[in-house]
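The values are calculated or read from the model by the stated rules, or taken from the named source; none is laboratory data. No experiment lies behind these values; they were computed from the predicted model shown. Cβ coordinates were reconstructed from backbone atoms using ideal geometry, including for glycine residues, and neighbour counts include every protein chain displayed.
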Amino acid sequence: MPTPDQASYMLRAAAGDAGRAYKRRMLDLLDIREGHAVLDAGCGPGTDLPALAERVGDGGTVIGVDRDPAMLDRARARTQGLRPVELRSGDVHALPVEPGTMDRAKTDRVLMHVADPAGALAQLHLVTRPGALVGLAEPDWDTLIVDADDLDTSRAFTRYTTAEVVRNATIGRSLARLAEQAGFHVEAVDATTPVFRSFDEADHTLGLGRNLRRAVDAGHIDRGRGHAWFSALSRGPFYASFTLVSVVCSR
C-alpha cells in the first residue's frame, strides 16, 4: 500500500512476527545453497538481501533489482561489505538479468503494484534455469478486516482499499494460477494472517488514516461517520488482519 516512506514501511512490516515467519518459511522452501545465483526482483530497501547472501556464501551471487533509486540507496547501505550482493537498476517487466542464469528467484509484495503481473512472472521464467525454484509472496487486500462497532464503515474501507488504493489488490489469491500460466510448476502454497493489535502499528502499515481521508474526499465514506469510526479505533481495543499468500514453484 502506498505510504509516505515506502522503505520504512517495508522494513517495519518485515520485522513483525508474521513478516519474519513467512519470509523464513519461503527461504527454507527455496532451498538456497552455497554457490547459487539468486535474484531478488523488486528488492526494495534490501530487507532480504543479507539473509540471501548468507545462504549463497562467497561463491554465490545475489542480484537485487529495483527501479527506485532511493530503494537501491537503502539497499546499498544495508548490504555494504557483503561480497555476493550486486544491485541493479531495472524493472520487473524487463529484468536486467541474462536469460537462464538464476538458480533461485523471489519477489515479495511487488506484484500487487506492477502494471502486468503475468508479464513480470514471464520475466522470472525467462531468467531462471530449468529446475530453478521461485518464491512469490503477496497480500490479498480483499481479506482485510478491521474490527469496529460500525461494521459497514469497516467494510467500506476494505472495498475502497481493494478498488482504489492497491493496483492488484487480490493478487495473493491469484499467485498459484498465474505461476502455472507462466510455465511454472507450483510446489507449495501457504497462507498466513498478519494480526495487528496495536492501532498505531496498523495505522502505519495499513494506512488507516491516510486511506480513510482519501475515501472520504472521494465520497466513498461519509465524513462524519468515517471520523467517528477512526476515533473509535484509536481508543481501542484494536484488531485488524489480512491474508498473505506465499507460493513456491519450480521452473
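Of the residues making up the range 105-152, those that are in contact (Cβ under 8 Å) with a residue 60 or more places away in the chain and acidic (Asp, Glu) are Asp108, Glu138, Asp140, Asp147, Asp149, Asp150. Within the range 37-48, residues that are free of Cβ contacts under 8 Å to residues at least 60 places away in the same chain and crowded, with 24+ Cβ neighbours inside 10 Å sit with their Cβ atoms under 6 Å from residues that are part of a loop (DSSP other than H, G, I, E, B) and among the β-branched types (Val, Ile, Thr), at 6+ positions apart or across chains, in these pairs: Gly46/Thr79. Selection over the range 198-226 of residues that are under 15 Å from Asp152 (Cβ atoms) and of a type outside the set (Lys, Arg) gives a count of 8. Looking only at residues of the range 69-97 that are loosely packed, with under 14 Cβ neighbours inside 10 Å and closer than 22 Å to Ala118 by Cβ, we find that the one that is nearest to the chain's Cα centre (by Cα) is Ala94. For the range 116-165, the candidate set comprises residues that are touching a Pro at 6+ places or on another chain (Cβ under 8 Å) and β-branched (Val, Ile, Thr); within that set, the residue that is modelled with the lowest pLDDT is Val165. Among the residues making up the range 111-132, those that are surrounded by fewer than 22 Cβ atoms within 10 Å (Cβ to Cβ) and aliphatic (A, V, I, L, M) are Met112, Val114, Ala115, Ala118, Ala122, Leu126. Of the helices (runs of 4 or more DSSP H) lying entirely inside the range 1-115, those carrying at least 3 residues that are modelled with pLDDT under 95 and in contact with a strand residue (DSSP E or B) (Cβ under 9 Å, 6 or more places away or on another chain) are 17-30.
Under the condition of being of a type in the set (Val, Ile, Thr) and closer than 21 Å to Ala120 by Cβ, which residue from the range 33-58 is farthest from the chain's Cα centre (by Cα)?
Looking at the filtered set, the residue picked out is Val38.
Listed by position, the helices (runs of 4 or more DSSP H) enclosed by the range 153-251 include none that has at least 3 residues that are loosely packed, with under 14 Cβ neighbours inside 10 Å, polar (S, T, N, Q) and without any contact (Cβ under 8 Å) to a residue 60 or more places away in the chain. Thr107 falls short on exactly one of the conditions (1) under 18 Å from Thr128 (Cβ atoms); (2) surrounded by fewer than 15 Cβ atoms within 10 Å (Cβ to Cβ); (3) among the polar types (S, T, N, Q), and that condition is (2).
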